[in-house]
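Every read-out reported here was derived from the displayed coordinates using simple, explicitly stated rules and does not represent laboratory data. The model shown is predicted, which means the values in this text are computed figures rather than measured ones. When we count neighbours, we look across all protein chains shown, and the Cβ atoms used for this are built from the backbone with ideal geometry, even at glycine.
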Amino acid sequence: MKKRPILLATLTIFGIFLVFLLLAVVLGKNWSTPDIVSLGEKIGVIEVNGPITASDGLIKNLIDFRDNKSIKAVILRIDSPGGAVGPSQEIYSEVVKLQKIKPVVVSMGSVAASGGYYIAAPAKRLFANPGTITGSIGVIMSFPNYEGLMEKVGVSSTVVKSGRFKDIGSNSRPFTPDERILMQALIDDVYSQFVEAVSLGRDIPANKVREIADGRIFSGRQALAVGLIDELGGFQDALAYTAKLTGLEDDPTLIYPEVEQPGLVERILKSALGEIGFEAGHHWTVGPQYLWTGM
């Protein structure tokens, strides 16, 4: 009989814990900005801010707006120096699919360079401010070499590998001549994919794209002169063009994607590690980059 009060107390505490856990899950799902509810036709706005390190969220937004029949066109507002090749290519592919169904208009903010330009290329019309930084068509990979530092502190590295290229890019030694040739071939191939994407999206011969695709950056005004954008102007100019294009000229309704709030575990990690520390670990990327490193 003495065990029953202890068992009852344990079950009560466990029940309270489950209630709080359920509340945390429910609130985690509901602490988000709801979609703009309105009748009639709309223009969708999707924002791309910061380095491109992942594609899941943007792809979801592009697909949702593509399938939403009330959205007649989408403005892609880009303020990004680019980022990882894989996510940039995945976003590019979804922009191509969306463009086949409804118009996509790009509005460039302060910077839409490298991967930021890559995802813009297939849009129907590209707007940039006169001082927007864009272009930077190219690929980059960086490999730190700590060999000198390791020698100074008396640290060495022993590698056992299955093939001579298995530890290519090791930070404890320089590249061999064969490794450099191999890596350059990789970069050249990924670079060709970038050139092809710009050529198809902008309807410019590939050889003409290569003339300006040496990694250089352009101002918006310079980009207009070489055909990388269509028109100078800010977001309101892009909106006016899109509204006229879709016949929604009288104060069109804009709809933005729902803002997804972090789940319970993610909020706890952010609280413990801090926003910067969490994001640095969460979005760590490797490999070739469609990235302008000047930011």
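The table below lists the values:
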{"item": "Likely footprinting exposure, 77, 221, 216, fewest C-beta neighbours within 10 Å first", "result": "216, 221, 77"}
{"item": "Cβ crowding within 10 Å averaged over residues, with 146-158, 48-60, 122-134 ranked highest first", "result": "122-134, 48-60, 146-158"}
{"item": "Under 5 Å, built H, 5+ apart or other chain: amide partners of residue 135", "result": "114, 218"}
{"item": "Distance from region 91-142 to region 176-199 (C-alpha centre basis), Å", "result": "21"}
{"item": "Separation of the residue 146 and residue 16 label points, Cα + 7 Å toward Cβ, nm", "result": "4.8"}
{"item": "Overall form of region 130-176 per C-alpha gyration tensor (a/c, 1.5; a/b vs b/c)", "result": "oblate"}
